[in-house]
Every structure is written in structure tokens, then in C-alpha cells.
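Encoded as C-alpha cells, the structure appears first; notes follow it.
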Amino acid sequence: MSHKYRDCMKQEDQLNIQAWLDGEIAPQKALKIVEQMENSSTAKALAEEMKAVESILKIGEKPVFLNDTREFYWSQIERQINTETPMPTAEE
């Protein structure tokens, strides 16, 4: 994200726009975000930049195929977690 948007907008507004683009905002809040973008050229430009970045990432993303089953893949992760030494707590 460009520095010019960080200087002009609150971080919460930036995160709300990103969540709206991702479809993670409740309908009532989405209306407020759309209204904000209609009334603010900065908010609108930020949303357009985020859409462009998302589009570029999707185009450049290569599909990944695993030869192993999903269960085997996750069992390997679980096994690795279980073999690691737990971090000491504050009391230790």
C-alpha cells in the first residue's frame, strides 16, 4: 500500500476498505464504506489500488498440487508440532 494513503487515512479505514473488498464486512457497515469511497477520492483511490494488486497477485499465482493426501500432509505438520520443545512460560 502506498505511503500517501497511510498519511491521509486512518488505519481502521484502510482495513475496513480491505475487508470490504474481501467480502468480510457486514452489509450495514459495507454501505458506510461505499459511501466513504464515493465521498473521498483518497478512499476510492486506495480501493482501486488494492483491487489492482489483488488482480496482479491472482494472475501471477501458480496452482499448487500435492502428491500426498490432505490427511497425510496435515499429519506431517501435526507430527512436527508435537516434536518441538514447548516455549518456557513466564513462571519458568
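Observations
- Label corresponding to Kirkwood radius over Cα pairs in Å when calculated from the structure given, among [x] 13.3; [y] 14.3; [z] 17.0: [z]
- Extension gain, residue 18 to residue 82: 0.36 nm times the residue separation minus the Cα-Cα distance gives 19.5 nm.
- Around the Cα centre of the chain, unit charges on the Cβ atoms of Lys, Arg, Asp and Glu (plus for the first two, minus for the last two) sum to a dipole of about 420 debye.
- Solvent-accessible area per residue in the chain equals 88 Å², computed with a 1.4 angstrom probe and all protein chains kept.
- Count Lys and Arg as plus one, Asp and Glu as minus one, and take only other residues whose Cβ is under 12 Å from that of residue 54; the net charge is then -2.
- Close Lys pairs in the stretch 17-65 (alpha-carbon distance under 21 Å; sequence gap of 8 or more, or different chains): 5.
- When 72, 65 are compared by accessible area of protein heavy atoms, the largest-first order is 65, 72, using a 1.4 Å probe.
- Taking the helices alone, the chain has a mean residue ellipticity at 222 nm of -22000 deg cm²/dmol, built from -39,500 (n - 2.57) per DSSP H run of at least 4 residues and averaged over all its residues.
- Karplus 3J(HN,Hα) series, Hz, for the stretch 71-88 with 6.51 cos²θ - 1.76 cosθ + 1.60 (x for Gly, Pro): 4, 5, 4, 6, 5, 5, 5, 4, 4, 5, 4, 5, 8, 6, 7, x, 6, x
The values are calculated or read from the model by the stated rules, or taken from the named source; none is laboratory data. Here the structure is a predicted model, which means the values were calculated and not measured. All Cβ positions, glycine included, derive from the backbone under ideal geometry; neighbour counts span all protein chains shown. Note: areas computed on protein heavy atoms with side chains; ligands, DNA, RNA excluded. Shrake-Rupley method; radii C 1.70, N 1.55, O 1.52, S 1.80 Å.
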